[in-house]
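The next block holds one structure in the form of structure tokens; read it before the comments.
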Amino acid sequence: MPLRRVQTVINHTLAAVVSLIMFIPVYLVIVNSLKTKAEASAMGAGLPTLLQWENFATVIERGKLVTAFGNSVLYAVGATLIGTTVAALAAYVLSRNRTRFNRFVYFFLIMGIAMPTNFVTLMKVMQMTHLINTQLGIILLYAASSIPFSVFLIYAFIGTIPRELDEAAIIDGCNPFRLFFSVIYPLLTPVLVTAGVLNLLGIWNEFLLPLYYLNSSAYWPMTLAVYNFFGQFQADWSLVSADIVLTILPVIVIYLFAQRFILAGMTAGSVKG
């Protein structure tokens, strides 16, 4: 057997093993969400004797998931649209005008990918601006936190768009905003979809920001609803598992439908052409 084929088989085997390990927690949650309270107490991997679909109806009613789902959609969609658009504007300016100062600004921005959040300082800012415990405040927080990664992705992609398009649009009388939104913005669709989907998934799963800055349960997203539900029903793992399944289901669906856009956007800016 050729060495390259052996290496391919080994790589595929390792990928399958890692995927199986990653799937085990999801499998346990799904299986136990369909069991009775007694069967799910041990969080075993066995199949349920009788499917308990009513667990999901109980969770939706007692966990107030309809309100939490609406909040999560509002926060994720609103913050993604704002953050991605602002990041695209910033990346366009920084990429087209590569001065020393703009290079510094670019590296300063993308440092936000790795730098930890100072929650004490952020709390003071939120209090001063009267945005704490408001839906607008959490949307702006999410949007701001998504900007560094989005700028990092979009910056490289813009480098593949010919400058001649800018010059032709300016000659035709486009002002800077019309140039960006009418000419450049549509061409950014692959990377914008990639950044948008990744930000959407990250915001949907975010736990710390709403925990610190949303005191009212009426504004809680799905992650906090699960946390609160677990505190009330931790003795019933069937209901807790059903709650977790309903929380992660939208993320799984979005990723399955958007994975081809993610891969396309990740590689689109890597090749000049």
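The values are calculated or read from the model by the stated rules, or taken from the named source; none is laboratory data. In this text the structure is predicted, and so the values were computed from the model without any measurement. Ideal geometry is used to build each Cβ from the backbone, glycine not excepted, and the neighbour counts take in all protein chains shown. Side chains included, ligands, DNA and RNA excluded: accessible areas come from the protein's heavy atoms. Shrake-Rupley method; radii C 1.70, N 1.55, O 1.52, S 1.80 Å.
Taking residues in segment 237-266 that are of a type in the set (D, E) and crowded, with 21+ Cβ neighbours inside 10 Å, and partners anywhere that are at pLDDT below 85 and not in a helix (DSSP H, G or I), the pairs with Cβ atoms closer than 6 Å and at least 6 places apart or on different chains are D243/G63.
With respect to V59, determine if the residue is surrounded by fewer than 16 Cβ atoms within 10 Å (Cβ to Cβ) and in a helix (DSSP H, G or I). Spelling it out, it is not the case that V59 is surrounded by fewer than 16 Cβ atoms within 10 Å (Cβ to Cβ) and in a helix (DSSP H, G or I). Residues in segment 62-84 that are open to solvent by 60 Å² or more (accessible area, probe 1.4 Å), in a helix (DSSP H, G or I) and either farther than 14 Å from S238 by Cα or touching a helix residue (DSSP H, G or I) at 6+ places or on another chain (Cβ under 7 Å) (or both): V66, T67, F69, L74, V77, L81, I82.
If a residue must be among the hydroxyl-bearing types (S, T, Y) and open to solvent by less than 70 Å² (accessible area, probe 1.4 Å), how many such residues does segment 7-18 contain? Please lay out each step first, then the result.
In the first step, residues of segment 7-18 are kept if they are among the hydroxyl-bearing types (S, T, Y); the result is 8, 13.
Filter once more, keeping what is open to solvent by less than 70 Å² (accessible area, probe 1.4 Å): 8.
Within segment 7-18, residues that are among the hydroxyl-bearing types (S, T, Y) and open to solvent by less than 70 Å² (accessible area, probe 1.4 Å) number 1.
Taking residues in segment 52-63 that are within 12 Å of T247 (Cβ to Cβ), and partners anywhere that are at pLDDT 85 or above and surrounded by fewer than 17 Cβ atoms within 10 Å (Cβ to Cβ), the pairs with Cβ atoms closer than 7 Å and at least 6 places apart or on different chains are I60/V66. In segment 163-181, the qualifying residues are those that are under 30 Å from the mean Cα position of the chain (by Cα) and open to solvent by less than 70 Å² (accessible area, probe 1.4 Å), and the one that is nearest to V77 (Cα to Cα) is F180.
State yes or no: is S95 in contact with a helix residue (DSSP H, G or I) (Cβ under 8 Å, 6 or more places away or on another chain), among the hydroxyl-bearing types (S, T, Y), open to solvent by 20 Å² or more (accessible area, probe 1.4 Å) and assigned to a helix (DSSP H, G or I)?
On the way: in contact with a helix residue (DSSP H, G or I) (Cβ under 8 Å, 6 or more places away or on another chain): yes; among the hydroxyl-bearing types (S, T, Y): yes; open to solvent by 20 Å² or more (accessible area, probe 1.4 Å): no; assigned to a helix (DSSP H, G or I): yes.
No; evaluated as a whole, the condition is false for this residue.
Residue selection: L211 satisfies the criterion of being hydrophobic (A, V, I, L, M, F, W, C), without any contact (Cβ under 8 Å) to a residue 40 or more places away in the chain, open to solvent by 40 Å² or more (accessible area, probe 1.4 Å) and more than 24 Å from V93 (Cα to Cα). Among the residues examined, V105 does not qualify as open to solvent by 60 Å² or more (accessible area, probe 1.4 Å), more than 22 Å from T189 (Cα to Cα), of a type in the set (V, I, T) and in a helix (DSSP H, G or I). Of the residues in segment 32-61, how many are out of contact with any helix residue (DSSP H, G or I) (no Cβ under 6 Å at 6 or more places or on another chain) and among the charged types (D, E, K, R)? Of the residues in segment 32-61, 3 are out of contact with any helix residue (DSSP H, G or I) (no Cβ under 6 Å at 6 or more places or on another chain) and among the charged types (D, E, K, R).
The conditions of being in contact (Cβ under 8 Å) with a residue 40 or more places away in the chain, open to solvent by 60 Å² or more (accessible area, probe 1.4 Å), within 25 Å of Y219 (Cβ to Cβ) and not hydrophobic (A, V, I, L, M, F, W, C) are met by S145.
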